[in-house]
Amino acid sequence: MLRVVIYTATTNEVGAIQKAASQLDEIQLVIQTPDNLETTTDIKEFCTTASTATAVVCWLHGSTDDMPGYEKLRHSLYDRDIPFIVQSSGKSRSVRDTTADETVRETVSQYLEHGGVVNFTNLVRYLATEYTEWSGSYQPPIELPTEGVYHPDYPAASYDELLANFDPHRPTVGIWFYRSHWTHENTQYIDALIRELEARDINALPVFCSPVSDNQDQHDARWVAQNWFQNGDDTIVDGVITGFMYSLSMSQRGRDSTIDIDPEDIFLRELGVPVFQVVTSMQTRSEYMGNPAGLQGFELALAVTLPEHDGNIITHPISGKEPVSGQDNIDATPTQHRPIADRVGHVAGLVQKWAELRYTPNPDKRIAIILHNYPPSDDGIGTAFGLDTQASLINFLQELQSRDYNLPKLPESGQKIIEELIEQLTGRNHWPDPQQTHVTYADYLGPDTYQDWFECLSEEVQSQIKKEWGDTPDHPIAIPGVQFGNVIITVQPPRGFNIDRSKVYHDSDLVPPHEYIGFYLWLQYRYCADAVVHFGTHGSLEWLPGKNVGLDSTSTPDQLINDLPNIYPYIINNPGEGTQAKRRSYATIVDHLTPAMTTAGTYDELEELQELANQYYTAESTSTKERSEFAKTVYNHVDELDLWTELGIKDPSSVSLETVVDRLHEYITDIKQTQIKAGLHTLGAPPTDDELVEFIVSLTRYPNNKAPSLYNTVAQCLGIDPSCITDIPQDCIPGTTKTYSAVAETIQEQCVELVTWLAKHDYNQEHIDLDLIHAKLDPIRPNNVPDSAYEQLHTVLEYICDTVYPVLMQTSQEDIQVANALEGEYIRPGGSGSPTRGGVDLLPSGRNFYTLDPRKIPAKSAWNIGQQLADEILERHVEENDTYPEEVGIVTWGTPTVRTRGETIAQILALMGVQPVWNDAGRVKDIDVIPLNTLERPRIDVTTRVSGLFRDLFPQTAGIINDAVEMVAALNESYEDNYVKKHVEKGDSTDDTNRVFTTKPGGYGAGVNKAITESNWETGEDLAEVFMQWSGYAMKSDGAVIPAHDALQERLSRIEATVKIEDTMEQDEFDSSDWYAFHGGLQRAVTEISGSSPQAYVGDTSDPEQATVYTNTEKVRKTMRTRVLNPKWIDRMKEHGYKGAGDLSTGVDVVLGWDATTEVISDPLWEDVADTYVFNDNLREWMESVNPWAVLNISQTLLEAIDRELWDADEETEKHIQEIHLEIDRSLESSQSSREATESEN
């Protein structure tokens, strides 16, 4: 019998080839794939089979690496003179191995490329005719359509014929899927999706095509969108579902693609409808269901991360790739995509709800605006990092009112909304108490109703909740909220750690309590919300247990948000956590601007010290007595401020006055130039007036892609080398009596003056007159001004007028875009990161941000900075300890990894003496060992605690670290040169290569902050226990996460130093409790387990060109002085009422957390906190007027610090705080009693 053998490197085509085989009676078709060539025996048997064939076709798709045993097969066929045809794509040279003549090879290539059962059948018949006397017939290659519509009920319908069957009164949803799935008859999942959409009264318009094509004869997704999803200027679809991998803005794809993504050019903007990203997973359905990660590896990168660049709404897998039954004569097992029924249904429901937003009139829409309250407190309702929640709410409600939403009467103010919500959140856990009959809630959820709704959840989620919190309650659940027409403003319920205090010591993946569950079920089934808006950064829904990415019905966020459209205003500089909301709650992000930035400057005693330091050189020429008095004054001031530690001076008596003054110059220059937030941002409100000027100066402080640094350029125009200001601030400028430290302020003032001048001319570049500017700038060293200085200054001023100012003005679109999303419109994609770190090109805000390709971590730019930091940290450690640390513990977070492209990862690799190897596309393809003679130091062992977010976003990157550990441990080097090898070979554990630790899948955080926030700890050992319990899971190279508490304890016992990188001043150590929970928690755990405190360092890369290393103590105290205690920042916060006071209160909470974990807050600093926030009558009285609960919390925190002996306050101070606390407590109780009495009378 005639035999033709076809090897295919993928299983995609096997189903169609199998069907072709069933139509061949006289010819045997043998099919083989890599899955059946896993052993040498398999390869040998295949070669034996192929050696009796009429012809052999090897379809590689890529290189010869795609086929195990390729060379053995080739030589076997050559020896027997059997026709061998190689088909490949790209630049592979393997086609030269073909032994058939060119005509045959070209014909075979056409059969394969056209694909489909008909072409595969004729391919076999053609080869039989070509190489034997077989007398059958065949058809030449048939070119199948490159694009077309598909419907199982109308198999041969044209585009117009299919549309003729649509109901014009129903929504229409387009579906993009791969042409190869159509040619290979791999469409069961598409059939299931069509049925689910049609069951919901939606017209389904499925189209097969290529995502991107340069071939004019092959129409791609852009053509389909412009010609079939649009009719002229009219869009005929209300949404699009796509399973395409990569980004549609990529003109090249595949492993060798070097073309960057250009989301600005994405044609989906013209289409203007939501695009839903589904995943046709390469896992089987059971593998997917059993995989706690959900998606990882190439699927995470290609099917989630890159499509996010198109602004797609990320969903989950709707199919798994399953083996299907074959034929007896077919060696390969066909695999096809089979639908995951409930996931297909969920996507259809989500699409339906979004489509309804386009059809439902605005007056009829019911919208729920959900405020966050974390940690649960009366002073923090409306938690939203960097956002004035109350003012933003009013802006947004006004925008909805202008669009005819049912908002009959807007609230008087955002403050009024908060006060009404606080009245309702009277329960023990800052949640409504249904027993309080004098309080009017939005609604009550009865036990029977809740039970019915609860049973709508998946059995797995029901079981998890009952196991943790017991059966459904037998009492009503009260729902808080303030309703204005069809818009309700409500509060997300507490997560649960504050309800059962013991859980923080056991569970990082705690499922939420019944009140939380009931709240989201009420939104769906009773309130019947058309959409929800989670207002600001960030809530807890997206952090609930479940798969990391690609949620299934066992994932709590999936069950609670269900198919509700979720719109999420989110700060632009937090892309990692925002991405979590996109992937784990199907959110559409509308990013908003960061707060404006300004310089910290100096104040009070710091200002006096600066003046003293500036007087030093004058004092130097005076009498010995005067110098002695001067020294005494300086030392007293430093003593009073407790600055010796920050100056890096352990024994003041052992250093000269000159050294002290030099350190003061350096320190104060650093302080006054530090960027700090200038208050809060209001959604949809661009900065104005002086705030706008200051922000523009901050945005141009460092070089941007299209412009040099304004600060450095002005310095050069003054004849000053900007590097001298940071390197030698204490030195006098040659030819003057001014120090470089003193002139730093002059440069900053000149920058502000120049931008103010631009503002007066409406930022019109036509008014930029270099002669006038030259007159404004009086050079300090005229002969030192570079020839190009004024030209560069002109460039940056033009950049401000043409780019910076216009993109800031587009901030006004933020609330408009949130409202547009509520009307079912497409939100265009945009970059994310830190605008003030040379990132002006990330603006404007008001877009659906994306992150980066995880395969490019660390980037080359990040490697340079990370390597520099590794060297500087080791240099400082050796300087202070006379030896290298054998093991370092490093905190690694997801969001900074996105912002910096992997600086922390680069640092980890550099410490071990390993460097990345990149391909032409900038993706890390391998790692190389740095030789010891190049390294010139030992290889440092590194243990890293990665966040749960990092675990989800970058499993491949964790694999790179693990691979580096194994590579370094295997080197033939001495223990003195290789601490990794030493610890692996001398370790107590059987698997002593674990170095990447995280929380268990479904859990997030370090836990320490939850214990501290709830005052749920007694000793440092308790905090170490929580850190250990939450962190004791090791990430493996394949992305698996396994329990490894013993391994973590072993690692912590060896750590001598800890490190965390801070990459932006837009966020700092006192913005939330996460900073001390991770880095402070790590230090506390090392201290308790090893018996000694580690050296702790912070790498500051906020200026990418001038990375700086601080000790943790120096950095924490610096931030306290530049921001927490700074009157300039506090005054800006006073402009934001309740939210401003609440954020001040949060800062004091974080002070306690840092002291509890690291003991870095000295008594004088505690006294400064009390003097600033409690004993300052003006500030305290202001807080009492806008947010008295903030005063209550701050005073309580100070008393807790005293009670826990963190602060050794004198009796008078403690008594004074107690009096203030009792006074405000009585006042609040009196107000509550009055309200209750009024309610009772009514």
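The values are calculated or read from the model by the stated rules, or taken from the named source; none is laboratory data. For clarity, every value in this text was computed on a predicted model and none was experimentally measured. Positions of Cβ are generated from backbone atoms using ideal geometry, with glycine treated the same way; all protein chains shown enter the neighbour counts.
Taking the stretch 674-698 as the search range and keeping residues that are touching a residue at least 40 places away in the same chain (Cβ under 8 Å) and of a type in the set (Val, Ile, Thr), which one is farthest from THR756 (Cα to Cα)?
Among those that are touching a residue at least 40 places away in the same chain (Cβ under 8 Å) and of a type in the set (Val, Ile, Thr), it is THR682.
Return the residue satisfying two criteria in turn: it lies in the stretch 549-584 and is within 30 Å of ARG837 (Cα to Cα) and hydroxyl-bearing (Ser, Thr, Tyr), and of such residues it is surrounded by the fewest Cβ atoms within 10 Å (Cβ to Cβ).
So the residue we want is TYR568.
Among the residues of the stretch 64-72, are any under 18 Å from TYR111 (Cα atoms) and modelled with pLDDT under 90?
Looking for residues that are under 18 Å from TYR111 (Cα atoms) and modelled with pLDDT under 90, one finds none in the stretch 64-72, hence no.
Taking TYR126 and the conditions (1) hydroxyl-bearing (Ser, Thr, Tyr); (2) in a helix (DSSP H, G or I); (3) assigned by TED's automatic domain parsing to the domain that holds ALA199, which numbered condition does it fall short on, given that it satisfies the others?
Here TYR126 meets the rest and fails (3).
Do we have any residue at all in the stretch 859-874 that's over 30 Å from CYS801 (Cα atoms), aromatic (Phe, Trp, Tyr), buried (at least 21 other Cβ atoms within 10 Å of the Cβ) and under 14 Å from the mean Cα position of the chain (by Cα)?
So far as the stretch 859-874 goes, no, none of its residues is over 30 Å from CYS801 (Cα atoms), aromatic (Phe, Trp, Tyr), buried (at least 21 other Cβ atoms within 10 Å of the Cβ) and under 14 Å from the mean Cα position of the chain (by Cα).
Looking only at the stretch 699-717, decide whether some residue is without any contact (Cβ under 8 Å) to a residue 24 or more places away in the chain and outside the structural domain of LEU393 (by TED's automatic domain parsing).
Scanning the stretch 699-717 turns up at least one residue that is without any contact (Cβ under 8 Å) to a residue 24 or more places away in the chain and outside the structural domain of LEU393 (by TED's automatic domain parsing).
Need at least 1 residues that are under 22 Å from HIS114 (Cα atoms) per element, so show me which helices (runs of 4 or more DSSP H) inside the stretch 1-87 make the cut, counting only ones lying wholly within it.
14-22
What number of residues within the stretch 101-157 satisfy the criterion of being of a type in the set (D, E, K, R) and within 21 Å of ASN12 (Cα to Cα)?
Of the residues in the stretch 101-157, 3 are of a type in the set (D, E, K, R) and within 21 Å of ASN12 (Cα to Cα).
Being closer than 19 Å to PRO722 by Cα and buried (at least 17 other Cβ atoms within 10 Å of the Cβ) is the filter here, so list the residues in the stretch 753-794 that pass it.
Selection gives LEU754, LEU777, ILE780, VAL785, ALA789, TYR790, GLN792, LEU793.
In this structure, is LEU1048 under 27 Å from VAL511 (Cα atoms), touching a strand residue (DSSP E or B) at 6+ places or on another chain (Cβ under 8 Å), among the hydrophobic types (A, V, I, L, M, F, W, C) and in a helix (DSSP H, G or I)?
Taking the combined requirement at face value, the residue satisfies it.
Somewhere in the stretch 390-411, is a residue under 30 Å from ILE1012 (Cα atoms), at pLDDT below 95 and surrounded by 19 or more Cβ atoms within 10 Å (Cβ to Cβ)?
No, the stretch 390-411 has no match at all.
Take the conditions in a loop (DSSP other than H, G, I, E, B) and either surrounded by fewer than 19 Cβ atoms within 10 Å (Cβ to Cβ) or assigned by TED's automatic domain parsing to the domain that holds SER22 (or both) and apply them to GLU133. Does it pass?
yes
In the stretch 707-717, is there at least one residue being in contact with a strand residue (DSSP E or B) (Cβ under 6 Å, 6 or more places away or on another chain) and hydrophobic (A, V, I, L, M, F, W, C)?
No - not one qualifying residue is present in the stretch 707-717.
Report, by residue number, each residue of the stretch 496-528 that is in a helix (DSSP H, G or I), of a type in the set (Phe, Trp, Tyr) and closer than 20 Å to THR1019 by Cα.
TYR505
Mind counting the residues in the stretch 42-77 that are of a type in the set (S, T, N, Q) and within 47 Å of the chain's Cα centre (by Cα)?
Within the stretch 42-77, residues that are of a type in the set (S, T, N, Q) and within 47 Å of the chain's Cα centre (by Cα) number 2.
Every residue, every condition in (1) without any contact (Cβ under 8 Å) to a residue 12 or more places away in the chain; (2) surrounded by fewer than 23 Cβ atoms within 10 Å (Cβ to Cβ), yes or no:
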{"position": "VAL638", "(1), (2)": "no, yes"}
{"position": "TRP644", "(1), (2)": "yes, yes"}
{"position": "GLY648", "(1), (2)": "no, yes"}
{"position": "SER654", "(1), (2)": "yes, yes"}
{"position": "LEU657", "(1), (2)": "no, yes"}
{"position": "LEU664", "(1), (2)": "no, no"}
{"position": "LYS672", "(1), (2)": "no, yes"}
{"position": "ILE720", "(1), (2)": "no, no"}
{"position": "GLU749", "(1), (2)": "yes, yes"}
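For ILE890, indicate whether it is in a helix (DSSP H, G or I) and surrounded by 24 or more Cβ atoms within 10 Å (Cβ to Cβ).
Against the criterion (in a helix (DSSP H, G or I) and surrounded by 24 or more Cβ atoms within 10 Å (Cβ to Cβ)), ILE890 does not qualify.
Output yes when any residue across the stretch 314-321 is basic (Lys, Arg), at pLDDT below 95 and farther than 19 Å from GLY539 by Cα, and no when none is.
Yes; the residues of the stretch 314-321 include at least one that is basic (Lys, Arg), at pLDDT below 95 and farther than 19 Å from GLY539 by Cα.
Could you go through the stretch 468-484 and let me know if any residue there is surrounded by 13 or more Cβ atoms within 10 Å (Cβ to Cβ), charged (D, E, K, R), part of a helix (DSSP H, G or I) and at negative phi.
The answer is yes; a qualifying residue exists.
Counting only residues that are part of a loop (DSSP other than H, G, I, E, B), in contact with a Ser or Thr (Cβ under 7 Å, 6 or more places away or on another chain) and either free of Cβ contacts under 8 Å to residues at least 40 places away in the same chain or not acidic (Asp, Glu) (or both), how many does the stretch 331-381 have?
Within the stretch 331-381, residues that are part of a loop (DSSP other than H, G, I, E, B), in contact with a Ser or Thr (Cβ under 7 Å, 6 or more places away or on another chain) and either free of Cβ contacts under 8 Å to residues at least 40 places away in the same chain or not acidic (Asp, Glu) (or both) number 8.
Quick test for you: out of THR737, THR700, THR713, pick the one residue that is among the hydroxyl-bearing types (Ser, Thr, Tyr) and farther than 17 Å from GLN792 by Cβ.
One residue alone meets the criteria, THR737.
Could you tell me which of the residues VAL212, VAL224 is touching a residue at least 60 places away in the same chain (Cβ under 8 Å) and among the β-branched types (Val, Ile, Thr)?
Exactly one residue qualifies, and that residue is VAL224.
Give the residues of the stretch 722-739 that are out of contact with any His (no Cβ under 8 Å at 6 or more places or on another chain), more than 17 Å from GLU1105 (Cβ to Cβ) and in contact (Cβ under 8 Å) with a residue 60 or more places away in the chain, sorted by residue number.
Residues satisfying the conditions are CYS732, THR737.
Name the helices (runs of 4 or more DSSP H) wholly within the stretch 750-846 that hold at least 3 residues that are closer than 30 Å to PRO569 by Cβ?
Answer list for the stretch 750-846: 805-809, 814-821.
Residues checked against (1) surrounded by fewer than 23 Cβ atoms within 10 Å (Cβ to Cβ); (2) within 25 Å of the chain's Cα centre (by Cα); (3) among the β-branched types (Val, Ile, Thr):
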site	(1), (2), (3)
GLU1062	yes, yes, no
GLU1066	no, yes, no
ASP1103	yes, yes, no
ARG1132	yes, no, no
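Based on what the data block shows, is GLU691 charged (D, E, K, R) and at pLDDT 95 or above?
Yes: the conditions hold for GLU691.
Quick check on my filter: what residues within the stretch 485-499 are surrounded by fewer than 21 Cβ atoms within 10 Å (Cβ to Cβ) and in contact with a Leu (Cβ under 6 Å, 6 or more places away or on another chain)?
GLY485
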